[in-house]
Each structure stands twice: as C-alpha cells, then as structure tokens.
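> Just dropping this structure here.
Where a number appears in this text, it was derived from the coordinates with a stated rule and is not lab data. Just so we're clear, the structure is a prediction, and the values are computed from it rather than from any experiment. As a convention, Cβ positions derive from the backbone with ideal geometry for all residues, glycine included, and neighbour counts pool all protein chains shown.
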Amino acid sequence: MTTSSSTPSTALPGRPPVVDRATWQAARDELLVREKAHTREGDALAAARRRLPMVEVDGAAEVVGPDGPVPFRDLFAGRDELVAYHSMWYDGAPPQGQCEGCTFNIWHLRDAVYLNARGVSLAVLTSGRWEEVAPYREFMGYTQPWFSVRGVEASIATEEGHIECYLRDGDRVFLTYATTGRGNEPADGSLGLLDMTPYGRREAWQDDPEGWPGAPQVGAPVGGHGAPICWYWRSGPDGVGSWGPGSRPTPQWTRPGATPVETLGRQDHHH
C-alpha cells in the first residue's frame, strides 16, 4: 500500500523535478545508455591494466608484523597475487591523529574473503614503527594483516596512500600496478552508493544543479554549505563533521574507548 503525506516537501534546499513514472523511465533509460558505455570503458581500462608490464621488487625485503620480521613475499600467504594498501602514519600520534583519508580507505577493506576466493591476498602496509602500529590496529578492530615496511619502502616500490598490486612467481615478486588519490575509489563502496543518491557526496567539487545543498561546513550541522572536500573523513563526538583538534576519523567513534579528545597529537609531517 502506498501512503502519502499532505505536508509539502518545502524543507529541502533543492530537489529533482517531480514527473510521472513514464517520464522518469524515459530519462532513466537515456542515462542508462551512458552508464553502459561507462561500464564498457571501465572494462577496457581493466583489460589494459592486465597488459601492463611489471617490475621486480625485493621479495626478501624484511617487514615487521605481529609475528616479528618476515620477508615481504610472506604477505602473499601462499597465494599468487597480493593487493596492498599503504597507510600514512604520524609517528607518536594517538589514534585520532592518524590519517583520516587512509582510515576511510582501510575501513572499506575490512574483509578480503572474496579476494581470497580468487587467489588474492590483502595486506595493509605502513611506515609506522610496529610497536606503535600494533595498538592502533587493535583499537580500530582491524582484521586485515598489517605490516610495518619502515626502511624498505623503495625495495618493494610502495608509497603512502597508494594501492599496489603484486604478482608472485615462486620466490620472485613483481609490482604490476599502483594507484592513489581518486584511483583508490574502487575500494570505497560508500562513494559509489553516494554517487547514486540525488545529493551525491556533497563535496565542493561536484557538479550540482542550482540550489542543491552544498558540502556541510566544518563545525556546522549536516546540511550546511561551503565546506572543503571530504568533510566526512573527520567528525566530533556529536557526529558533526569537523577538522578541529577535538575530531577523530569518523569510524573511530564506533570503537570502544573512543572518548572525546582535545588534540590530534601530531606534527604536520609524517614518519
């Protein structure tokens, strides 16, 4: 049964025009042509990635994990392929001071069961010292394998904020692909879903119709206007987007013991 309200929807700052179902379907079908072309182009790009050359890296390079030092090749866990995300790190900073963008990416990579089913392992790399990384990983409740690659970044061709793909041939390891920035977005499922909604991500750069709600301001309730890009990366204890010293990367507020804070405890540089 369909119900309706007599209350007009005038509270919205902007909304799509209201049409009948047939008109909506015609517009949807028109957009679908472009979406299918976009999908086919994505398939073609993936095919091109599979034809890239590769470069050998040091599979014996020593990284540090929960069981102590291990060779980098061990991160494959017996599989032939490895996807790694290299999380940025601030030495000496508490959890709220660690990288909000990397937190966003890694939060979307909490389970690798489908990767594993295709013979692909997942690991999170960081240049932080293991003695600092281990309690952070425990606080966040991460289940992915984490490893400190401090001092061997160049040997395995990894950089902070990058996703890297590796192939193993026996004891030899090869870098096949790497990306960062918006190239990381395929791992972030929430962004794809937001792109389907009428208001999208509410980031300052997105192309919106006139009158559409903008990005929430820093320190302003959701629904405000004019905030910088990626406001949702950090928030205060009230859930309001904020980049202030009392904020945390947003998922941290779901963790036991995530109390209000007064400082990020970090410098303006990484490790």
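> Are there any trypsin sites (Lys or Arg not before Pro) in region 46-137 that are in a DSSP loop and have at most 16 other Cβ atoms within 10 Å? List them by number.
Those that pass, being in a loop and sparsely packed, are ARG50, ARG51, ARG79, ARG110, ARG118, ARG129.
> Once the Cα atoms of helix 130-140 and of the chain are each reduced to a long axis, what angle between those two axes, in degrees from 0 to 90 to the nearest 10, is obtained?
So the inclination is approximately 30 degrees.
> I've got another one for you. If amide H atoms are built 1.01 Å from N in the plane of the peptide, which residues on other chains or at least 5 residues away come under 5 Å of the amide H of VAL57?
Distant-sequence amide H within range of VAL57: VAL173, PHE174, LEU175.
> Next question. Which net charge results for the neighbourhood of PRO13, defined as the other residues with beta-carbon distances under 12 angstrom from its beta-carbon, given Lys and Arg at +1 and Asp and Glu at -1?
0
> Distances over 31 Å make up what percent of all Cα-Cα pairs in the chain?
For the chain, the share of Cα pairs beyond 31 Å comes to 39 percent.
> Describe numerically, in nm with one decimal, the distance between label points set 7 Å from Cα along Cα→Cβ at MET54 and at ASP238.
5.2
> Based on the Kirkwood radius over alpha-carbon pairs, what is the Stokes-Einstein translational diffusion coefficient of region 55-185 at 37 °C with 0.692 mPa s viscosity, in µm²/s?
For the chosen part, D equals 224 µm²/s.
> Quick check: residue separation of LEU194 and ALA11 times 0.36 nm, minus the Cα distance between them. What number comes out in nm?
63.8 nm
> Note down the net charge around THR180, summing +1 for each Lys or Arg and -1 for each Asp or Glu among other residues with Cβ under 11 Å from its Cβ.
It works out to a net charge of -3.
> In addition: Compute the distance from the alpha-carbon center of region 71-95 to that of region 146-209, in whole Å.
13
> Which order do the peptides 164-170, 34-40, 101-107 come out in when sorted by mean C-beta neighbours inside 10 angstrom, highest first?
101-107, 164-170, 34-40
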